[in-house]
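The values are calculated or read from the model by the stated rules, or taken from the named source; none is laboratory data. Keep in mind the model is a prediction, meaning the values are calculated, not measured. Heads up, the Cβs are rebuilt from the backbone with ideal geometry, glycines too, and the neighbour counts pull from every protein chain shown. Each accessible area value is taken on the protein alone, full model and side chains, heavy atoms only, with ligands, DNA and RNA left out. Shrake-Rupley method; radii C 1.70, N 1.55, O 1.52, S 1.80 Å.
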Amino acid sequence: VAPKKYEYLPLGAVKASGWLYDQLSVQTNGLAGHEHEFYDYVAQSDWIGGDSDYSDLEEAGVYWFNGMVVHGVLTNDATIQSQTQEFLDYVLDHQDATGWFGPEVNTTKPRYLWARYPFMFGAINMAEYDPSQTTKIVSGMHKFVQLANTMLKNGEGLGDGGWAKTRWEDFVMALQWLYDYHPEGNEDVLLETMKLLKWTGDPWEDVFSAEYFPKEATENLENPFDVLTWHGVNMAEGLKALPATYRFTHNQSDLDRASEGWDLLFQYHGRPSGIYAADEYLAGLEAVRGTELCLVVLTTKPRGSYLYQVIGDPKYADRVERITYNALPATLTGDMWSRQYLQQQNQIAAKNMTPNPFPNDGPYSNVFGLEPNYPCCTVNHPQGWPKFVANAFVTTPDKQSLVHVYLGPFSTNTTLANDNAVTVNVDTLYPFGDSLTTTVTATKPFSYYVRIPSWVTNGTIAVDGGEAQNVAPENGLHAVQVEAGTTKFTLELPADITTESRPHGSIAVHRGPLHYAFDISRNSTVLTRNAQQPLAADIEFDATEPWQYAIDPKTLVFNSNPPASGSLPSPIFDSGLPPFSISAMACAVEWGVGGDMFASSPPENPACTGAVRNVTLWPYGSTKLRIGEFPVVDLSSS
């Protein structure tokens, strides 16, 4: 199996600090941290002896487990760690003699492979965090692999309607973890099972080819492959299929196609918030179309991070950072008690929509609630923030060097090659500040690398109080030679305001990793509350001010109001709270709506219908109703 460009650190080696740790705390105090207490798909999961799941895919319990293992460790939350430990113990203690584990044991339920994969991801994280559990976990996984190998040869375990055939790469990644760290003499079976999964699964190398890739919304197109390959979450799954395949084929063409497919996906379906549109299936470029929360969290760590670790192209890291700091918080209330199923770039209401702009999802999809449209995102969303944190640092394959990939307030404690004990602390408000001060303590000299994002202009670094020098990244990484003892350096990473061309002559506004949108003031109506946990509410948001503005891009001005205390508000991702904003001159224009529910396409070459005024754009992630793609007007003569 071919090595990766970079190796991730074991769970627990990287921690969040500052505002980012607070974000994890908000998640603990929100829906994710309380699901085990009241939400049947978790509290009564059939994976732990209950009777609850939402489909025969049996994924609800393991989605929750996969995310909350990481969350519990990063927050050092004893209650959550106890819950995930009980989940692990129950599953492994009830593994049957054939090697099968899961809610199908001792039942007549059909045995589909797919849901085992997120369980194994969570179990792997637990083995890495607590080596005393490694033997039990590795033994259980090897027993399952032997069974799965036989099932695949017999054509079994794939009859779930196509989900296992699109998501085979998850199992390959788990197999590669065993192969890399705990082969137990089973290298041949592990490698054979990887190949069986590849050749019984959907051909992602063809799906992501320019010849077959859909270049518009897909509801009226015929898919030449399994229809589920154009499903938004499965696209996120498929992104890592080719780098996973490369590790056992050693074919550069697999990595080339992965890169090409990534670019096609965002060229034809991308969003200024960093993510792509898929309101169930790929949905093109129109600002009214939706993006599912599940694919937001799955495109960050499990997919984008894996692509970066295997291939090493900084475009993957840039994209993951944009998604995490924009699309992820935008689709959750600030207190993280309510979430959407679908978010929109231009979102003028969050309510039960008539007419419905989503051809394959229900009209309730953009309501903020406990489980609008479908429950999968309720149990799956908790992995987003924790896995972003856990993958913020990697090492080179020889363990000689440490690489800081995702920028933000972090700390890490690890041992590199030659028993080089290293601690790193990064003090910053990033992405709500341009400065990062990093303190590295090491027992021996080594090369430390930090990613310099592509949007940085005139970035500088000052080491140990020396004169600031221009950053000089190679393949996105700036090298710092760290000596034994303590090295301290400060990065200044300013960025220009930029605009992105969008359909109908509209534009989106960016500065650094943040996308900026007009935050439409709103009122809220509670539609329903959960009987057991009233904080879990379905909430309708309606606009309380006009939003039909065109802006003059020549008038964009960046505003920074850093907190006097040095600490950001909590939660930071809510209306009016970030310290960064962008002002623009604008005027009202004629702009239609569908019912009173959603904005039609931005008007092209609009004329002003009202007085010129100043509008403020805020970081997209802090907005819940918004305009993120604006018509353009020239106000120079006004």
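Can you pull out the GluC sites (Glu not before Pro) in the stretch 200-303 that DSSP calls coil and that have at most 12 other Cβ atoms within 10 Å?
Listed in order of number, the matching sites are GLU211, GLU222.
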Problem - Net +/- balance of residues flanking ALA462 in space, Cβ distance below 10 Å, scoring K and R +1, D and E -1 - result: -2
Handout entry: Pair-distance profile P(r), taking every C-alpha pair of the stretch 497-630, with 5 angstrom steps and integer %
Key = 2, 9, 17, 20, 18, 14, 9, 6, 3, 1, 0
Practice task
Using just the helices of the chain, give the 222 nm mean residue ellipticity in deg cm²/dmol: DSSP H runs with n ≥ 4 each add -39,500 (n - 2.57), and the total is spread over all residues, rounded to 500.
Solution key: -9000 deg cm²/dmol
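What is the dipole size for the chain, taken about its Cα centre, with +1 at each Lys and Arg Cβ and -1 at each Asp and Glu Cβ, in debye to the nearest 20?
It works out to roughly 960 debye.
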Completion exercise
With the 8 Å Cα cutoff and a minimum separation of six or more residues, the chain has a relative contact order in percent of 14
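Determine the sum of side-chain charges near LYS195: Lys and Arg each +1, Asp and Glu each -1, restricted to other residues whose C-beta is under 12 angstrom from that of LYS195.
Neighbourhood net charge equals +1.
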Exercise for the section: Calculate one ³J(HN,Hα) per residue across the stretch 394-408 by plugging θ = phi - 60° into the Karplus curve 6.51 cos²θ - 1.76 cosθ + 1.60, and present them in order as whole Hz with x for glycine and proline. Expected result: 9, 10, 6, x, 7, 6, 7, 10, 10, 10, 8, 8, 9, 8, x
Problem - the stretch 497-630, relative contact order [Cα under 8 Å, separation at least 6], % - result: 33
Problem - Global geometry of the stretch 487-549, whether rounded, prolate or oblate, following the gyration tensor of its Cα atoms and the 1.5 cut on a/c - result: oblate
Exercise for the section: With a 1.4 Å probe and every protein chain left in place, work out the accessible area per residue of the chain in Å², rounded to a whole number. Expected result: 34
Exercise for the section: For GLN146 and VAL526, compute 0.36 nm times the residue count separating them, minus their Cα-Cα distance, and round to one decimal in nm. Expected result: 131.7 nm
Handout entry: Reachable lysines, given that their alpha-carbon falls under 16 Å from the alpha-carbon of LYS624 and they are not under 8 places away in the same chain
Key = LYS351
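Is there a quick way to get the dipole size of the stretch 39-201? I mean about its Cα centre, with the Cβ of Lys and Arg at +1 and of Asp and Glu at -1; what is the value in debye to the nearest 20?
Values: 10 positive and 24 negative charges, 97 e Å.
That gives a dipole near 460 debye.
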Practice task
Considering the options PHE38, LEU175, THR441, tell which one lies farthest towards the positive end of the dipole of the chain, charges being +1 on Lys and Arg and -1 on Asp and Glu at the Cβ, about the Cα centre.
Solution key: THR441
Fill in the blank from the handout: Mean separation of Cα contacts under 8 Å (at least 6 apart) over the residue count of the stretch 203-331, i.e. the relative contact order in percent, is 27
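Report, to the nearest whole %, how much of the accessible area of the stretch 151-208 belongs to carbon and sulfur atoms, 1.4 Å probe, protein only.
For the stretch 151-208, the apolar C and S fraction of the accessible surface comes to 47 percent.
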Problem - Separation in nanometres of the label points that stand 7 Å from Cα toward Cβ, at GLU156 and ALA78 - result: 4.4
Problem - Virtual spin-label span in nm between ASP206 and GLN44, 7 Å along Cα→Cβ - result: 4.4
Completion exercise
Largest-first semi-axes in Å of the equivalent ellipsoid built from the Cα gyration tensor of the stretch 399-492 are 21, 13, 13
Handout entry: List THR528, THR438, ordered by accessible area with a 1.4 Å probe, largest first
Key = THR528, THR438
Handout entry: All lysines inside 26 Å of LYS444 as judged from Cα atoms, apart from same-chain residues fewer than 8 positions distant
Key = LYS4, LYS5, LYS15, LYS399, LYS488
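Could you tell me what percent of the accessible area of the stretch 1-77 is made up of carbon and sulfur, with a 1.4 Å probe and every protein chain present?
Ligands and nucleic acids excluded, carbon and sulfur give 40 percent.
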Practice task
Would you work out what percent of the accessible area of the stretch 530-580, with all protein chains in place, is carbon or sulfur (probe 1.4 Å)?
Solution key: 54
Exercise for the section: With just the Cα atoms of the chain, tell me how far they stretch along each of the three principal axes, in Å, largest first. Expected result: 77, 61, 51
Handout entry: Solvent-accessible surface (1.4 angstrom probe) belonging to LYS5, in square angstrom, nearest 10
Key = 120
Exercise for the section: Give the calculated FRET efficiency between THR443 and LYS136 to the nearest 0.05, with a Förster radius of 45 Å applied to their Cβ-Cβ distance. Expected result: 0.85
Problem - Length released on extending from SER501 to ASP398, taking residue separation times 0.36 nm less the Cα-Cα span - result: 32.8 nm
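About its Cα centre, what dipole magnitude does the stretch 448-503 give when the only charges are +1 on Lys and Arg Cβ and -1 on Asp and Glu Cβ, stated in debye to the nearest 20?
In total the dipole reaches around 180 debye.
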